[in-house]
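Engineer: Let me begin by handing over the structure; questions about it come next.
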Amino acid sequence: MSLDQLHAISALDGRYHNQTSGMGDVVSEGALINYRIQVEASWLLYMASPKLKILRLEGAGEAFLKDIINGAIPDSAASEVKELEKKTNHDVKAVEYWLRAELLKRGASNHVLAHIHFACTSEDINNLAYAMMLRDVRDKILKPSVEELVTKIKSFALLQQNREWFQELTVRLPLRRLWERNWLCLPTGLIVS
């Protein structure tokens, strides 16, 4: 056992690290930060939508927000947010400050900047970010794994269907056991289905 495994927080990042390492893009701290950024960007775009018309987004700022919700988040975003978090001691506030700085670089007005995180709590942002994370775990990790497993089981069953031991195991043995169980219970008056 390596020293890193001994200091792992759980078995998932310890002894099972090789099997779970691909999940980091979806369930890591960096991934959670990116989901939070997407939630904040989506909220700003919604406030600027024709339905609400609270904000007026233009140019590079609007394009930047649209890129974010389409998954084009700068690679440095998570580490920059973590640096801000050291100052704020608050995860969602750090995301808010990062987004404010990025929009300021792109010429956003003070009115737009004042509406970042408007009428939201940290819990609102986190609830949506975790929901997005779970959606991606389902779609990007679980579904493909289950589909691969089902395909392997089907191909195994097709290869084995004409083998004597497979027929004994899957057809004759369960039927024989069911018959024996029911036969043995009949004298006592018990019915087993």
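Engineer: Give just the number: which of (1) outside any helix (DSSP H, G or I); (2) at pLDDT below 90; (3) surrounded by 10 or more Cβ atoms within 10 Å (Cβ to Cβ) does Ile191 not satisfy?
Structural biologist: Status for Ile191: all satisfied but (3).
Engineer: Next question. On the given criteria, is Glu40 crowded, with 19+ Cβ neighbours inside 10 Å, over 18 Å from Glu123 (Cβ atoms) and of a type in the set (D, E, K, R)?
Structural biologist: Taking the combined requirement at face value, the residue does not satisfy it.
Engineer: In the range 43-58, which residues are over 29 Å from the mean Cα position of the chain (by Cα) and buried (at least 19 other Cβ atoms within 10 Å of the Cβ)? If you could, list the steps in order and put the result at the bottom.
Structural biologist: As a first pass, look at the range 43-58 and keep what is over 29 Å from the mean Cα position of the chain (by Cα): 50-58.
Result: Leu55, Leu57.
Engineer: Identify all residues within the range 18-37 that are farther than 17 Å from Leu84 by Cβ and not small (Gly, Ala, Ser); write none if there are none. Step through it out loud before you land on a result.
Structural biologist: Just the residues of the range 18-37 that are farther than 17 Å from Leu84 by Cβ, to begin with: 18-28, 31.
Matches in the range 18-37: Asn18, Gln19, Thr20, Met23, Asp25, Val26, Val27.
Engineer: Among the residues of the range 37-56, count how many are of a type in the set (Ser, Thr, Tyr) and part of a helix (DSSP H, G or I).
Structural biologist: Within the range 37-56, residues that are of a type in the set (Ser, Thr, Tyr) and part of a helix (DSSP H, G or I) number 2.
The values are calculated or read from the model by the stated rules, or taken from the named source; none is laboratory data. Only a predicted model underlies this, so the values are computations on that prediction, with no experimental measurement involved. Neighbour counts are summed over all protein chains in view; Cβ atoms, including those assigned to glycine, are modelled from backbone coordinates with ideal geometry.
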